[in-house]
Amino acid sequence: MKPADRMQKNGRLMAGSMASDTAQTKRAVDGVLHLVQAAADEIERSRRLPDALVTALRDTGINRLLMPAALGGQEAPMTDVIDIMERIAAIDGSAGWCAAIGAGSNVFAGYMSATGAGTVFADPDQGNATMFAPLGRVVNDRGRFTLSGRWPFTSNCLHSAWVGLGALFHEADGVDPVPRIVFVPMADLTIEDTWDVVGLRGTGSHHVVAAEVPVYLDRCARFADRPWPNGTLWRLPVYTTLLPTLVAVLLGIARGAIDEVSRQAREGRTARRGQLADAPVSMAELAVADTRLRAASAGLRAAVGEAHAHAERGEPISRQLQARICLAGMHACDTSVEVTSTAHHLGGGAAAYRGSRLLRALGDVQAARQHLLFSHHHLSELGKLVAGLDGAYPPYVI
């Protein structure tokens, strides 16, 4: 067999193996959803995921989804990643958010140097954390780099070994204006218990503080850095990976809320306003909400799938398509919030009580929508790109 033929065959075998691994991860995740459901009240009460649940999710292979194959990852298609995150979030929003952050942070294994990635991501089953805002300061003291700063909203920090933090590099000749994501051990940071909120209570999205933490350049990455893996996943601009992973959580929360209302319609409930199934207006609202959610989910998957097909053929992902993916994600976010609100309304008086699954879903989806990725101030710039106007919108569209 010629060397080129052998490489092509090995590539097909590796692709087939990774597809099999991802299918196995899907089945494994389905197998632990009952544990997510059983832990939901504890997550809400203790404001973190139970260690046993973190271990169970880890053992499914979920943190390998967006890792390079060379490091033991699956390089899973984004539509599969969306499916998996959505299933978890449909049971519990905090568990889904931590899963998305933990697995999504590992995509940076392909953007830092292979040497640094081999250290930071030596355990491919470890979920990690990231906080992109460049609130840190890296100082070079005669070749010794140190990181200092304080970052809010560091989701999943309670269950991470490493965290990637946004920072600017300060040199003797000035400040590098391009932010970097600097990965440092979680053990080198101080966690401030600040995440006392109504929605997504269990995500541990606390502040973290670094005080002259040592930094190694091979463990840093820029959003525009050229990835070293050559798989399909690494031909996609990084935000066409990060945004769909996160928005899948909102879609899942909304799906869980709709499923709960549907269960109440099927099984009946004790309520002065009577049964849902006997209320034509309520059933019509449920039908519309379910259809809108499916349409928003399908729109995101279609845009992501189109990008995957281009990347698989080695074709560039146009800025117009990148913008469409961002806009599809933002639309899915808005739709998820509206659908969850409808489901909560249909839940009647029982949905006002603490412990109501519908009330929890409403709080979770409202908290998730506050993420910077879903802010409406992106719309005008993304609209220009969709219209075909020349330009970019870094770091979201490059």
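Quick rundown of the values:
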quantity	calculated
Sequence-distant residues sharing a close amide H with residue 215 (under 5 Å, placed H)	145, 146, 147
Relative contact order, percent, the range 288-398 [alpha-carbon distance under 8 Å, six or more residues apart]	31 percent
Farthest positive-ward along the chain dipole, Cα basis, beta-carbon charges - from 206, 81, 115	81
Cα long-axis angle, helix 280-312 against the chain (0 to 90 degrees, to the nearest 10)	20 degrees
Cα-centre dipole for the range 43-195 with unit charges at Cβ (Lys and Arg positive, Asp and Glu negative), debye to 20	240 debye
Length-normalised contact order for the range 143-277 - Cα pairs under 8 Å, 6+ apart - percent	24 percent
Structure-based [θ]222 nm, the chain - -39500 (n - 2.57) summed over DSSP H runs of at least 4, per residue, nearest 500	-17000 deg cm²/dmol
Charge tally in the Cβ shell below 11 Å around residue 139, where Lys, Arg are +1 and Asp, Glu are -1, residue 139 excluded	0
On Cα atoms only, tilt of 78-91 relative to the major axis of the chain in degrees	50 degrees
Accessible carbon and sulfur surface of the range 172-244 relative to its total accessible area, %, 1.4 Å	52 percent
Per residue, in Å², the accessible surface of the chain once ligands and nucleic acids are set aside, probe 1.4 Å	44 Å²
Carbon and sulfur %, accessible surface of the range 1-160 computed with the full protein complex present, 1.4 Å	53 percent
Cα pair count fraction exceeding 13 Å, expressed as % - the range 120-180	65 percent
Cβ-Cβ FRET estimate between residue 298 and residue 122, R0 fixed at 22 Å, reported to 0.05	0.05
Directionally averaged projected area (convex hull, Cα atoms, the range 283-398), nm²	8.6 nm²
Using θ = phi - 60° and Karplus 6.51 cos²θ - 1.76 cosθ + 1.60, couplings along the range 331-336 (whole Hz; Gly, Pro as x)	5, 5, 4, 4, 5, 4
Angstrom value of the Kirkwood radius, inverse mean 1/r, which spans all Cα pairs in the range 84-196	15.1 Å
Local electrostatic count, residue 369, Cβ distance below 12 Å [Lys/Arg +1, Asp/Glu -1]	-3
Net charge, residue 96 excluded, C-beta distance under 10 Å - Lys, Arg +1, Asp, Glu -1	-2
Cut-off 17 Å (backbone N to label point 7 Å along Cα→Cβ of residue 172), residues of the range 117-149	139-146
Cα pair distances of the range 247-337 binned at 10 Å [whole percent]	16, 35, 25, 14, 8, 2, 0
Pairwise FRET efficiency - residue 144 versus residue 379, Cβ, R0 = 35 Å, nearest 0.05	0.20
Taking the chain and dividing mean pair separation by its residue count, relative contact order in percent (alpha carbons under 8 Å, at least six apart)	16 percent
Fraction of alpha-carbon pairs over 34 Å apart in the chain - percent	30 percent
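The values are calculated or read from the model by the stated rules, or taken from the named source; none is laboratory data. Quantities reported herein were computed from a predicted structural model and do not represent experimental measurements. Heads up, the Cβs are rebuilt from the backbone with ideal geometry, glycines too, and the neighbour counts pull from every protein chain shown. All accessible areas refer to the heavy atoms of the entire protein, side chains included, with ligands and DNA or RNA removed. Shrake-Rupley method; radii C 1.70, N 1.55, O 1.52, S 1.80 Å.
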